[in-house]
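Below: the structure, in structure tokens.
The values are calculated or read from the model by the stated rules, or taken from the named source; none is laboratory data. Not measured: the values here are computed from a predicted model. Note that each Cβ is placed from the backbone with ideal geometry, even for glycine, and that neighbours are counted across all protein chains shown. Please note that ligands, DNA and RNA were not included when accessible areas were found on the heavy atoms of the full protein model with its side chains. Shrake-Rupley method; radii C 1.70, N 1.55, O 1.52, S 1.80 Å.
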Amino acid sequence: MSSAESVFQFVDQSGLERAPRVEKLRELGFTWADLEDEEYWLDAVAVMRGETYQELEEASVKLWAILDKTVRYVHRRHDLYDLLGIPPVLWQMLDECPLPEPGRISLYARFDFAVADNGAIKLLELNADTPTGYVEASIATPWICEQAGIASPNGAMKGLLAAAWGTERPDTAACVAYGSHQEDSGTIEALVKHSGLDIKCVDCLDLWIDEGTVRDGEDRVIQRMFALYPKEWMAVDEGGDALAYAVESGQLELFNGPHSILLQSKGLIAAVWGMYELGLLFSEEEREAISRYILPTYNKPVFSGSFVSKSVFGREGGSVRLFDDNGTLELQDEEGFDSSTLFPTVYQKRAELARIQTAEGEFHLLTGMFVINGKPCGLLGRAGGPITGNASHFIALGVKELGDE
């Protein structure tokens, strides 16, 4: 499909001098535009048609409500926890902690969509526990789009984050290798800055727990913590059960909240599709949205055509395998950690990603949509191969205003 026929228009800016633009982004807080002499940021803008963005926003609202409804159906059903791959060490925590009000299970999340060149929108997954890409979306994308004279819908992200954290009021933000891992450190620092609150950033590896009381390396008691720490790792890491106990005993409030792991599991999408096929739980309007935007997803490889397999808790492309129409393995991620050795696998019908032609070659375009404080609010573009993994690039996504079409 030619660029004229695609819902994306590629605006190449690689002819501009890169170094001062990288430095400006660094000043703004995006310090990893270049990583070890490699260009993570593609100096370009992928511009989405306004009508496609409107549909994507509406789809996000509908899917957010559908997945929230499904979590409430799953809650306290241990047989379904097992199907979703939820580690048993977390079951008591999930059972005893009260569910937040509708739409508020995660206040900081990101959908990943396959938006095809023809505008077809399909949900790939929901990162509802520890999504990254916030700096790219909330800081870099608006600046890049402004410089190019292109509209960005991402300007509301900072205010929505401040509202969400104004309710949760964490006293601590944590990630692994704080101070040395550029992306995660920069992410929590930006979140803290945008919250407007007095929040201390710490390294998860410096935390210790004594009978449910969580302390940092300076012996400061932590009571309310945002952590870029995947909750499923409580089943694997030393001290994970102690952290789960701290939450279930009420001595630590963790953000996103405990039930975000139910939203995070790709098994939840399989549960939605299964109940859709059985005619359970959902209204006619919800069924129409599921049929239009959710890919057939199962706990077993039952496809006659091409499909994808991935761990229910795979991240950054790790564990993803692509199979062709004959069911033969075509491609698999070689760089990300294969978490399918630890957690169950789901199988999903393959979807088409739009393709963009750049100075570096052809890339597949993955479209992210942040949902902050319950509202879809920010686009994140990733450009890479058929599997979007650690080697993919960040590209700003803008929107062609409806009046200009």
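Assorted remarks:
- Residue 254 surrounded by 18 or more Cβ atoms within 10 Å (Cβ to Cβ) and assigned to a helix (DSSP H, G or I): no
- Positions within region 199-229 being open to solvent by 40 Å² or more (accessible area, probe 1.4 Å), of a type in the set (Val, Ile, Thr) and farther than 17 Å from residue 241 by Cβ, in sequence order: 221
- Selection within region 309-337 - under 14 Å from residue 388 (Cα atoms), open to solvent by 20 Å² or more (accessible area, probe 1.4 Å), in contact (Cβ under 8 Å) with a residue 24 or more places away in the chain and out of contact with any helix residue (DSSP H, G or I) (no Cβ under 8 Å at 6 or more places or on another chain): 316, 320, 331, 332, 333, 335
- Within region 363-381, residues that are farther than 18 Å from residue 352 by Cα sit with their Cβ atoms under 6 Å from residues that are among the polar types (S, T, N, Q), at 6+ positions apart or across chains, in these pairs: 376/60; 378/154.
- Exclusive hit being at negative phi, among the β-branched types (Val, Ile, Thr) and either open to solvent by less than 10 Å² (accessible area, probe 1.4 Å) or without any contact (Cβ under 8 Å) to a residue 40 or more places away in the chain (or both), set 105, 150: 105
- Candidates 76, 72, filtered to the one that is modelled with pLDDT of 95 or more, among the charged types (D, E, K, R) and over 22 Å from residue 125 (Cα atoms): 76
- Single unsatisfied condition, residue 143 versus (1) open to solvent by 30 Å² or more (accessible area, probe 1.4 Å); (2) farther than 29 Å from residue 23 by Cα: (2)
- Members of region 119-161 found to be β-branched (Val, Ile, Thr) and within 16 Å of the chain's Cα centre (by Cα), listed by number: 130, 132, 135
- When residue 114 is tested against the conditions (1) touching a residue at least 40 places away in the same chain (Cβ under 8 Å); (2) open to solvent by 10 Å² or more (accessible area, probe 1.4 Å), the lone failure is (2).
- Subset tally (residues that are part of a loop (DSSP other than H, G, I, E, B) and open to solvent by less than 20 Å² (accessible area, probe 1.4 Å)) for region 283-308: 1
- Residue check for residue 237: out of contact with any Asp or Glu (no Cβ under 9 Å at 6 or more places or on another chain), open to solvent by 60 Å² or more (accessible area, probe 1.4 Å) and either closer than 29 Å to residue 88 by Cα or part of a helix (DSSP H, G or I) (or both): yes
- Checking 341, 358 one by one, the residue that is of a type in the set (Val, Ile, Thr), more than 14 Å from residue 123 (Cα to Cα) and free of Cβ contacts under 8 Å to residues at least 24 places away in the same chain is 341 and no other.
- Scope region 324-383; condition closer than 17 Å to residue 266 by Cα, more than 18 Å from the chain's Cα centre (by Cα) and part of a strand (DSSP E or B); matching residues: 345, 347, 349
- Restricted to helices (runs of 4 or more DSSP H) entirely inside region 1-96, no element has at least 2 residues that are aromatic (Phe, Trp, Tyr) and open to solvent by 80 Å² or more (accessible area, probe 1.4 Å).
- Any pair with Cβ under 6 angstrom, 6 or more apart, that starts in region 161-179 at a residue that is closer than 12 Å to residue 207 by Cα and ends at one that is open to solvent by 50 Å² or more (accessible area, probe 1.4 Å) and of a type outside the set (Asp, Glu): 172/200
- Breaking point among (1) within 21 Å of residue 341 (Cα to Cα); (2) in contact (Cβ under 8 Å) with a residue 12 or more places away in the chain; (3) open to solvent by 20 Å² or more (accessible area, probe 1.4 Å), for residue 261: (3)
- Checked against (1) of a type outside the set (Ser, Thr, Tyr); (2) touching a Leu at 6+ places or on another chain (Cβ under 8 Å); (3) more than 30 Å from residue 15 (Cα to Cα); (4) surrounded by 18 or more Cβ atoms within 10 Å (Cβ to Cβ), residue 382 meets all criteria but (3).
- Top-ranked residue in region 389-402 [being assigned to a loop (DSSP other than H, G, I, E, B) and open to solvent by 30 Å² or more (accessible area, probe 1.4 Å); ranked as nearest to residue 151 (Cα to Cα)]: 401
- In region 309-323, the residue that is farthest from the chain's Cα centre (by Cα) out of those that are of a type outside the set (Ser, Thr, Tyr) and not in a loop (DSSP other than H, G, I, E, B) is 323.
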